[in-house]
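Worksheet: one structure, shown below.
All of the numbers you see were taken from the coordinates with simple rules; none came from a lab. These numbers come from a predicted model, not from an experiment. Cβ coordinates were reconstructed from backbone atoms using ideal geometry, including for glycine residues, and neighbour counts include every protein chain displayed.
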Amino acid sequence: MTLQLDSNVPAGPLADKWDNHKFDLKLVAPHNRRRFDVLVVGTGLAGASAAASLGEMGYNVKVFTYHDSPRRAHSIAAQGGINSAKNYRNDGDSVHRLFYDTIKGGDYRSREANVHRLAQVSVDIIDQCAAQGVPFAREYGGLLDNRSFGGAQVARTFYARGQTGQQLLLGAYQALARQIHLGTVTLYNRMDVLDIVLDDDGKACGIVTRDLLTGETARFSGHAVVLATGGYGNVYFLSTNAKQCNVTATWRAHRKGAAFANPCYTQIHPTCIPASDEFQSKLTLMSESLRNDGRIWVPKNPDDCGKSAGDIPEDARDYYLERKYPSFGNLVPRDVASRNAKTMVDQGHGVGPLRNGVFLDFADSINRLGESVVRERYGNLFDMYERITGENPYQMPMRIYPATHYTMGGLWVDYNLMSNVPGLFVLGEANFSDHGANRLGASALMQGLADGYFVLPATIAGYLADLLGTSPVPTDHAVFDTAQTEVDDRVKRLMSAKGTRTVDHYHRELGRIVWDYCGMARNKEGLEKALSEIPALREEYWRDVKVLGDGRTFNQSLEKALRVADFMEMAELKVKDALHREESCGGHFREEYQTPEGEAQRDDEHFAYVAAWEYGGPDIQRDSVLNKEKLVFENVKLSQRSYK
Amino acid sequence: MSEMLNLTLKVWRQNGPDDGGRFEEYRTTVADDASFLEMLDYVNEQLVAEDREPIAFDHDCREGICGSCGLMINGQAHGPQRGTATCQLHMRKFHDGDHITIEPWRAGGFPLIRDLAVDRSAFDRIVEAGGYITVNTGAAPDANEIPVPKDVADAAMDAAACIGCGACVAACPNSAAQLFTSAKMQHLNLLPQGQAERWARSEAMVETMEEFFGSCTNHGECQEACPKEISIDFIAMMNRDYLKAKLTNRRRIGQRKVG
């Protein structure tokens, strides 16, 4: 261990930590804020809300997105809802209960103080969003409606039809648009961030960008850099992430010294539409709510798998979740449902043309409730399913299969959301801090907005206050020369490889390795195989990738090529992390470590820590250095999850 | 089981804003369960294999919600399926042997970038002009202190469903952006939270829109093309608000009330 990882969690009782900390933090007076330049990368929930809030406070903000508009970030695709401990239902919810559910849902691999703060500010988020005009679902009295979600026994989820992420992002985007109009925030759209720049003292001082329209690289400097660049789910190629989601900004920060924490933690969502053919470019999520009324089954006899569902009699069906988990049945948590689907398909019980799915059957619900009730509850999802598959789920069961959905790991941050690189802050899915080894439904939106609206605006002042009177490092400083030259060289190398295979070909290959050996279930042998295959693939990629056109124009192949290059490195660290963590927890299931019932077996004695990897050199599996931040639980008792 | 379709594509290719542009024809064979954009991915793989530059087109979420994608398919914005963005359109809506013409959004307000990608940042300018409610972070009252009647909240949500794809502009013979602007505006104008800035918002958004886009002559093509099926009723509501705004805002600056 060579890094000093101080979580900077304030002392005192859990419930008072955040308030005390805010009082102890240094402030920047309103008239001084415009003297500070802050660079915000990403305009999803975390980035847009942070940039807007900092702009409102009077900081001088520059915000960067590779999209044409800030509104297109992938936060927009979240369907279900956002949790908040409002207790509007009078059903016993509280900040402490939301804190407890989130820690437990994360299988005791997150930091208590961060999670408690998340639960505390969840209350303010709903107020803020409602005031912005987010059209949350309402009851007839005009007050806000709630529903319940997995991992909770209270109804604390606020929602806007099936488009909660869209509406929350539009709220943040509109707040950002107001600041752009007022001139406190400058927007740089269609701009990729390809490197993070550190000054001579090792503090984050700027970024190197590539203008996606002209291909020109450029330098920006600031007093602090905020990364809100999302997760790394696209390392699998096929995922529910948008096509452009990538790891580049966080990986480049990692290469510059920021620790990457728990990269093996990935959430595989159980209800996605299975891949249909080799053209498949991404996977589509179907809301978890379907498991309330759908029954999951596969044919008992693999010979029946080619038959249509209606031709398979009741006694030839295996409702395996109901059989194995009688008390939770089809509503077991995401990780359990996903692993069991994989087991069934691996054992030859998969259905569909490619034998790669399990049935999610609504026939019983339609008989019991009538088609109109089912249509009212799930009509939009059924329509989406039919649009994608061409099959009518009112007449035949849906086919579903798990897919990569969210990444709990990310850059290591302290209580202030600052990485171990001073001045480099990391928000939302890009950091590791709040979800442990498994995220609960409706908590991603909560975390993105908590970080952006309420946490960062307070904590960044504590860092900036000491820099009052200093100017940002000038962009003609040698540190920028080095960084920009390195970026230009990387572009040139990819453009001049002039190989034989496309970027997508290599991305698919990488995704296949990571999915096969570091997907829903992992074991030592497979992970070691992946560690031998990834470096070879990466070497071939740099030698043989084919990127046509010009680096100085709008070139989407080059954009992808730069991103896949970083996934090729990140994947190796992810697998190494999975290999080192010799326990199962949440979304990280090591086949060697399971209970006799086949559930995740944690090893709290040896692995109750955050694995924060330090970049050591280009041979990632050899050179990366493990640093541990011990997780201390003072307010919850660790227990084994059971869903029998 | 999936069926293979043999297709002839006529695709608009243009190297950049200053290039003249032309159609190029490609033949391809894809499974009917591929999405439209997966079909284009596949054509791009073929093109790269032949050392020809791939077709540029915007896309991202491929779930019909981010609004990045948008193609004119056989003259229809987002293609033949109602209420469906290009990324959610699947090839089973086409037949073996079909000829498919693919063009970018063509509108003065959306300058072309390359091939099928256009610049829609004028939409951001319209929102920046007034498509928000002024409430600084931390200044909000408890969420339940502002009751919103359910039907009002539902109508606001209908408007707020807009994904900002630009199909309405592309489908309009005048390249007008009334459907987009009215959806963005009425989402906020309908809500109690949006009343304080209602008239200023209405004026600012309409006038910014007019800097970039044509005028509405009630063709209704926008509503037909909209992947979220947003109603042109919102345009009528916008026109009403704009008219009232002109009167109200004048009164506020001390001028005599007109009419």
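In this rough spin-label picture, where each label sits 7 Å from Cα along the Cβ direction, the A:Asn380-A:Thr482 distance is 5.0 nm. With neighbours defined as other Cβ atoms within 10 Å of a residue's Cβ, the residues A:Glu583, A:Glu391 order from fewest to most as A:Glu391, A:Glu583. Computed over the alpha-carbon pairs of region B:145-259, the distance histogram in 5 Å steps reads 2, 12, 21, 22, 18, 13, 8, 3, 1 percent, short to long. As a length-normalised measure over Cα pairs under 8 Å and 6 or more apart, the relative contact order of chain B settles at 18 percent. Each principal axis of the Cα cloud of region B:183-237 was taken in turn, and the coordinate range along them, longest first, works out to 33, 24, 16 Å. Spin-label model, A:Leu626/A:His580: points 7 Å from Cα along the beta carbon direction are separated by 0.5 nm.
Treating each Cα of chain B as one equal point scatterer and applying the Debye formula with no solvent, the log10 of I(q)/I(0) at q = 0.11 Å⁻¹ comes out as -0.67.
Think of chain A as a dipole: +1 on every Lys or Arg Cβ, -1 on every Asp or Glu Cβ, centred on the Cα centre; then among A:Asn8, A:Leu182, A:Gly587, A:Leu182 lies furthest on the positive end. Using the charge dipole of region A:10-81 (Lys, Arg: +1 at Cβ; Asp, Glu: -1 at Cβ; taken about the Cα centre), state which of A:Asn20, A:Thr43, A:Val61 has its Cα farthest towards the positive end. Projecting each Cα onto the dipole axis, the largest value belongs to A:Val61.
Antiparallel DSSP bridges in chain B: what percent, to the nearest 5? Counting only bridges with both partners in chain B, antiparallel ones make up about 75 percent.
Between A:Thr500 and A:Tyr394, the simple spin-label model (points 7 angstrom out along Cα→Cβ) gives 5.3 nm.
Listing B:Thr181, A:Thr475, A:Thr164 from fewest to most neighbouring C-beta atoms within 10 Å gives A:Thr475, A:Thr164, B:Thr181. Computed about its Cα centre, the charge dipole of region A:139-259 is approximately 260 debye, with only Lys, Arg, Asp and Glu carrying charge at their Cβ. Counting only other chain Cβ atoms within 10 Å of each residue's Cβ, the peptide B:149-162 averages 5. Based on Cα atoms of region A:461-526, Rg over Rh with Rh as the Kirkwood radius reads 1.27. In the protein assembly as shown, a dipole from Cβ-located charges (positive for Lys and Arg, negative for Asp and Glu) runs towards its positive end, and of A:Gln153, A:Phe99, A:Tyr173 it is A:Tyr173 whose Cα lies farthest in that direction.
Only Cα pairs under 8 Å and at least 6 apart count here; give the relative contact order of chain A as a rounded whole percent. Over chain A, the number comes to 20 percent.
What number results when the radius of gyration of region B:1-101, computed over Cα atoms, is divided by 2.2 N^0.38 Å?
Relative to the 2.2 N^0.38 Å estimate, region B:1-101 comes out at 1.05.
In order along region B:17-24, the phi-based Karplus estimate (6.51 cos²θ - 1.76 cosθ + 1.60, θ = phi - 60°) of 3J(HN,Hα) comes to x, 8, 7, x, x, 7, 8, 10 Hz; Gly and Pro are listed as x. Each of A:Phe359, A:Phe260 was scored by other Cβ atoms within 10 Å of its Cβ. Listed from fewest to most, they are A:Phe359, A:Phe260.
The count of lysine pairs in region A:446-585 with alpha-carbon distances below 23 Å, taking only pairs 8 or more places apart or on different chains, stands at 10.
Normalised by the residues of region A:166-213, what does the relative contact order come to in percent, with Cα pairs under 8 Å and at least six apart? The value is 27 percent.
Over region A:271-317, the fraction of Cα-Cα pairs per 5 Å bin, rounded to whole percents and listed from the shortest bin up, is 5, 16, 19, 15, 23, 18, 4, 0.
Can you check what the Kirkwood hydrodynamic radius comes to for region A:109-250, Cα pairs only, in Å to one decimal?
18.8
Size check on region A:182-338: the Cα extents along the three principal axes, sorted descending, read 70, 34, 34 Å. Hydrodynamic analysis of region A:423-477 uses the Kirkwood radius over alpha carbon pairs. Inserted into Stokes-Einstein at 25 °C and 0.890 mPa s, it gives a translational diffusion coefficient of 183 µm²/s. Each part gets one Cα centre, and for region A:408-457 versus region B:224-245 those centres are 39 Å apart. The dipole here belongs to the protein assembly as shown: it is taken about the Cα centre, uses +1 on the Cβ of Lys and Arg and -1 on the Cβ of Asp and Glu, and is about 1920 debye.
The Rg/Rh ratio for region A:394-490, using Cα coordinates for both the radius of gyration and the Kirkwood hydrodynamic radius, is 1.17. Measuring from a point 7 Å past the Cα of A:Asp277 along Cα-to-C-beta, which residues in region A:355-373 have an amide N at less than 18 Å? What the label zone holds, given the 18 Å backbone N cut-off, is A:355-357.
Two decimals, Cα atoms only, Kirkwood Rh: what is Rg/Rh over chain A?
Rg/Rh for chain A comes to 0.95.
Counting 0.36 nm for each residue step from A:Ala218 to A:Glu525 and taking away their Cα separation leaves a gain of 106.1 nm. The coefficient of translational diffusion for region A:258-372, derived via Stokes-Einstein from the alpha carbon Kirkwood radius under 4 °C and 1.567 mPa s, stands at 84 µm²/s. Using the Cβ-Cβ distance between B:Asp96 and A:Asp619 with R0 = 35 Å, the FRET efficiency computed as 1/(1 + (r/R0)^6) comes to roughly 0.10.
Using Cβ point charges alone (K and R +1, D and E -1), the dipole size of region A:200-275 about the Cα centre works out to roughly 80 debye. Taken over the C-alpha atoms, region A:1-136 has Rg and Dmax values of 17.6, 49 angstrom. Put simply, the amide H of A:Ser584, placed in the peptide plane, has neighbours under 5 Å in A:Arg590, A:Gln601, A:Arg602, A:Asp603, leaving out anything fewer than 5 places away on its chain.
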